[in-house]
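Quick notes on the structure that follows.
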Amino acid sequence: MTRIPPLDGATAWLNSEPLAPEGLRGKVVLVNFWTLTCINWLRQEPYVRAWSRAYRDDGLVVIGVHTPEFTFEHDLELIRGAVAAREIDYPVAVDSDYAVWDAFANRYWPALYFVDTEGVIRDEHFGEGRYERSERVIQELLGVERERVSVKGAGVEAPADWDHLGSSETYLGSARGEHSAQLTGDWRTERESVVLDKAGGSIALRFLARDANLVLSPAAHDPIPFRVALDGEAPGASHGVDVDEDGNGLLRDGRMYQLVRTHDGVRERTLEVTFLEPGAEAYSFTFG
């Protein structure tokens, strides 16, 4: 029998005063580990948000735990921005020192831990999916039975096109870089990312997926304009939410940018991103 561990390692709390297991007795608790750049969490979040709102009056408390993957994700204002953008209204523990992560012995983004009214962890799930079973667990712990909530993710929260997803996450830094992306221009390779030192540098990658995303940060620079090409041309109707039909985008803050959402069938394509000013930090490509 594993009980919910202490939460006092959090460095800050959003949407709530600090919470502790003893103060949550009598409540069913769902703990969700996430990090703001994670595409898997972004696609899961509509369900967690819907469950929080649907079962709050029945006694469910959802606690988000933001544990950063990349160094820039320690920025509290970026975390606040992600909470606002996703319309998260439940408590969020900012876990910048990995104390809560380690207390749970967690190893995954996203991760769900289902805690009963006595503080015992009764179920867990890692990654996307299993939504029907997860909601059923919540209902069983609450002692309620009713129709499942209706969830439809949009934009970056939309489910992946799993049937046609042929590309996997590609890291660009030296720590985990697979070297499958081609860099043109004056790039510097850091542990977590590649950094552009002179305007006009580009990153090109072959991919097979409906969606192509890139985790980016401008570091301390002003917003950095960039341009996306798909098979050497403007993306047109296949542009992502962070790019217009001509392929123009603006890197304002550190997060995941959706560059492509193909509309004319999935096939192998070449994506090229060109940055018009120096300073861009590129971390990883993800697909959907």
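Derivation of every value follows stated rules applied to the coordinates shown; laboratory data play no part. Computed from a prediction, not measured in an experiment: that's the story for all the values here. Neighbour counts run over all protein chains shown; Cβ positions are idealised from the backbone, glycine included.
Structural remarks
- Residues in the range 203-225 that are outside any strand (DSSP E or B) and not aliphatic (A, V, I, L, M) were compared, and the one that is farthest from GLY185 (Cα to Cα) is ARG210.
- Residues in the range 1-19 that are farther than 15 Å from GLU118 by Cβ and either outside any loop (DSSP other than H, G, I, E, B) or hydrophobic (A, V, I, L, M, F, W, C) (or both): LEU7, ALA10, ALA12, TRP13, LEU14, LEU19.
- Selection of strands (runs of 3 or more DSSP E) fully inside the range 95-184 by the criterion of at least 1 residues being among the hydrophobic types (A, V, I, L, M, F, W, C), in contact with a strand residue (DSSP E or B) (Cβ under 9 Å, 6 or more places away or on another chain) and closer than 23 Å to ARG25 by Cβ returns 111-115, 121-126.
- From the options SER217, SER238, residue that is under 19 Å from GLY173 (Cα atoms), polar (S, T, N, Q) and within 24 Å of the chain's Cα centre (by Cα): SER217
- Residues that are crowded, with 23+ Cβ neighbours inside 10 Å and not in a strand (DSSP E or B) do occur in the range 274-286, at least one of them.
- Which numbered condition GLY200 misses (of (1) under 23 Å from ASP75 (Cα atoms); (2) in a loop (DSSP other than H, G, I, E, B); (3) in contact (Cβ under 8 Å) with a residue 60 or more places away in the chain): (1)
- Being farther than 24 Å from GLY155 by Cα, out of contact with any helix residue (DSSP H, G or I) (no Cβ under 7 Å at 6 or more places or on another chain) and buried (at least 21 other Cβ atoms within 10 Å of the Cβ) is a property that VAL29 has.
- Each residue in the range 226-249 was checked for being in a strand (DSSP E or B) and surrounded by 14 or more Cβ atoms within 10 Å (Cβ to Cβ), and 8 of them qualify.
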